[in-house]
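Q: To start, I am sharing the structure in question, which I have written as structure tokens.
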Amino acid sequence: MCSFYSDPEMEDSTMAKKPVHGIRLGRVKAAIWENDSQNGPLYNVTFSRLYKDEDDQWKDSTSFGRDDLLVLAKVADIAHTWIFQQQQEDSNGSKGKNKSKPDEDF
């Protein structure tokens, strides 16, 4: 299952910036960040993997095992496509069009 999400942890009022988009496929997540520049927006992506600790609490890690790598590649591909589409829309003058849409589940 692939989902686009809004991470409640990222919505903490103490954080200055939030990801503009999120992608989750199984245990692997990507957060897409937008930074303004003189040449328009630039996008960066951070990746994480969810796991349960010995107390059965959900945690995340930026370390990926062998079995996570193909999923990580797929999440990176989806993130790349989303960024490319945003840059196309930004260059066509429709900045922010997809940013206001609700998250989607697949």
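Q: What list of ³J(HN,Hα) couplings, whole Hz, do you get for the range 40-54 from phi and the Karplus terms 6.51, -1.76, 1.60, once you set θ to phi - 60° and write x for glycine and proline?
A: x, x, 10, 10, 10, 10, 10, 10, 8, 10, 7, 7, 9, 7, 5
Q: Can you give the FRET efficiency for K52 and K74, using 1/(1 + (r/R0)^6), R0 = 30 Å, r = Cβ-Cβ distance, to the nearest 0.05?
A: It comes to 0.85.
Q: Still on this model: Amide H to amide H, which residues 5 or more places from V20 or on other chains are under 5 Å from it, using H placed in the peptide plane?
A: I32, W33, E34
Each reported figure results from applying straightforward, stated rules to the coordinates on display, with no laboratory input. Being a predicted model, the structure only gives us computed values, none of them experimental. Don't worry about glycine lacking a Cβ; one is built from the backbone with ideal geometry, like all the others, and counts go over all protein chains shown.
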